[in-house]
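Colleague: Please see the structure below; I have some questions.
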Amino acid sequence: MAENTVHIGFVKAELGALQDDTEKVEQILKNADISPSLIDNSSIRVSSEQYRSVYLSVANHFGDELAGQGRGKIPHGFFHTLCKHAIHGEKLLNCLRRTITYCNLFQELSGQRYEIEQTDTKSIVKIAPISGEKSNPFLVERGFLNIYKFIAWAAGSHLQLAEANFTFPPPVHMKEYQHFFYCRLNFNENENSLVYNTKDLMRRPVHAEKDLREMLKGAPPSFWIDSSHSFSYSALTRKAISESTLGEHTDLESIANKLNISSITLRRRLSKENTSFQEIKDNHRRDTAIILLMDRSKSVADVADILGYSDPSAFYRAFKLWVGITPNQYRKDNKFA
């Protein structure tokens, strides 16, 4: 399965607490084979391994799983321990409540308070700064990723959020949110919240503590960005496309058949997840192209051929549409890759 790539804005957010230490930022980026000149280039995406390298460097520099952006330091192992504590809920709602309780043990360090409001139909998870100041987008993003990704994994099937709300404006890497939360996204709202359907949380967890060891490999960064942990139809569709052999049909009908559902049902479920079949297919091709372009032994024409383009000029046009620049310019800009 082709690995996901990560928007450079996600990398820049990780470096937020080091914005005044240019020398350290350059060192971390170069160690990850990312040219420092690319950090403000919104067209650039990096490999998941490059992002993981940046995450580990920053976390180790501060001794903090929140990358130095909280009020204090969240010790290494926080996410692992959270998962081991929260998985012991009788139902997913209990797991969710245990997750929130655990996170609140560290609210003086994170600077954030978590709460849940429940009705018969909706269960709303909220994050707010304990100081009454504006929310830090990075901390909200990190908190919601930990919660949503873990509960979805525990469920062993897709948990469709009704919506996700954020008090801050759309970040430069907003499109990543679509593939994190698979729902309608609302920015500049009055609260930070994830809205679940309560009935979905009444199910028992499929996974247990014995399953955590495999899930936690490379976590937390790999857990956030690796779609293989997701049970959404978006992730299943991408997986089916990536597992198709070269020359095999990867249209909506053929992929729906692989998933044992009708094309109409697949289209409807992807729409509910705030995406489309064409977008998933384009993103898969884009990510594959980016990873291949990092291999200097392959020419751009080779990459076009591997992706099934008989005419390299068609690949040039498609890549520029996906990324905003041509393959040659991307390779030139990404000179450290």
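The values are calculated or read from the model by the stated rules, or taken from the named source; none is laboratory data. Keep in mind that this is a model prediction, so the values were computed, not measured. Because the Cβ atoms are built from the backbone with ideal geometry, glycine has one as well, and the counts that use them run over all protein chains shown.
Colleague: Just to be sure, is Asp305 part of a helix (DSSP H, G or I) and exposed (fewer than 15 other Cβ atoms within 10 Å of the Cβ)?
Modeller: No, not satisfied.
Colleague: Looking at Arg286, Arg331, Arg296, which is the one that is assigned to a loop (DSSP other than H, G, I, E, B), of a type in the set (D, E, K, R), closer than 20 Å to Ser47 by Cβ and outside the structural domain of Lys149 (by TED's automatic domain parsing)?
Modeller: When all the criteria are applied, what remains is Arg296.
Colleague: How many residues does region 313-327 hold that are in contact with a helix residue (DSSP H, G or I) (Cβ under 6 Å, 6 or more places away or on another chain) and either small (Gly, Ala, Ser) or in a loop (DSSP other than H, G, I, E, B) (or both)?
Modeller: The number of residues fulfilling the criteria is 1.
Colleague: Next question. Restricting attention to region 172-192, which residues are modelled with pLDDT of 95 or more and touching a helix residue (DSSP H, G or I) at 6+ places or on another chain (Cβ under 9 Å)?
Modeller: Those that are modelled with pLDDT of 95 or more and touching a helix residue (DSSP H, G or I) at 6+ places or on another chain (Cβ under 9 Å): Leu185, Phe187, Asn192.
Colleague: Taking region 14-38, which residues are under 24 Å from Phe223 (Cβ atoms), aliphatic (A, V, I, L, M), surrounded by fewer than 23 Cβ atoms within 10 Å (Cβ to Cβ) and modelled with pLDDT under 95?
Modeller: Passing the criteria: only Ala32.
Colleague: Do we find a residue being within 18 Å of Ile241 (Cα to Cα), in contact with a Ser or Thr (Cβ under 6 Å, 6 or more places away or on another chain), of a type outside the set (Gly, Ala, Ser) and in a helix (DSSP H, G or I) anywhere in region 271-282?
Modeller: Among the residues of region 271-282, at least one is within 18 Å of Ile241 (Cα to Cα), in contact with a Ser or Thr (Cβ under 6 Å, 6 or more places away or on another chain), of a type outside the set (Gly, Ala, Ser) and in a helix (DSSP H, G or I), which makes the answer yes.
Colleague: Another question, then. Restricting to region 39-87, and then to whatever is of a type in the set (D, E, K, R) and more than 12 Å from Phe106 (Cβ to Cβ), can you tell me which residue is farthest from the chain's Cα centre (by Cα)?
Modeller: Among those residues, the one meeting the criterion is Lys84.
Colleague: In region 243-258, how many are in contact with a helix residue (DSSP H, G or I) (Cβ under 6 Å, 6 or more places away or on another chain) and either part of a loop (DSSP other than H, G, I, E, B) or closer than 19 Å to Asn283 by Cβ (or both)?
Modeller: 5
Colleague: Checking Glu3 against (1) part of a helix (DSSP H, G or I); (2) within 16 Å of the chain's Cα centre (by Cα), which test does it fail?
Modeller: The one condition Glu3 does not meet is (1).
Colleague: On to the next question. Across region 34-57, which residue is farthest from Gly324 (Cα to Cα) among those that are touching an Asp or Glu at 6+ places or on another chain (Cβ under 7 Å) and part of a helix (DSSP H, G or I)?
Modeller: Applying the filter and picking the extreme gives Tyr55.
Colleague: Among the residues of region 137-179 satisfying the criterion of being among the aliphatic types (A, V, I, L, M) and part of a loop (DSSP other than H, G, I, E, B), which is farthest from Ser42 (Cα to Cα)?
Modeller: Per the stated criteria, the residue is Leu159.
Colleague: With Ser310, Ser276, Ser242 as the choices, which residue is modelled with pLDDT under 90, within 24 Å of the chain's Cα centre (by Cα) and of a type outside the set (D, E, K, R)?
Modeller: Testing whether each residue is modelled with pLDDT under 90, within 24 Å of the chain's Cα centre (by Cα) and of a type outside the set (D, E, K, R) leaves just Ser242.
Colleague: Which one of the conditions (1) touching a residue at least 12 places away in the same chain (Cβ under 8 Å); (2) β-branched (Val, Ile, Thr); (3) over 22 Å from Ala13 (Cβ atoms) does Thr101 fail to meet, given that it meets all the rest?
Modeller: Result: Thr101 passes all but (1).
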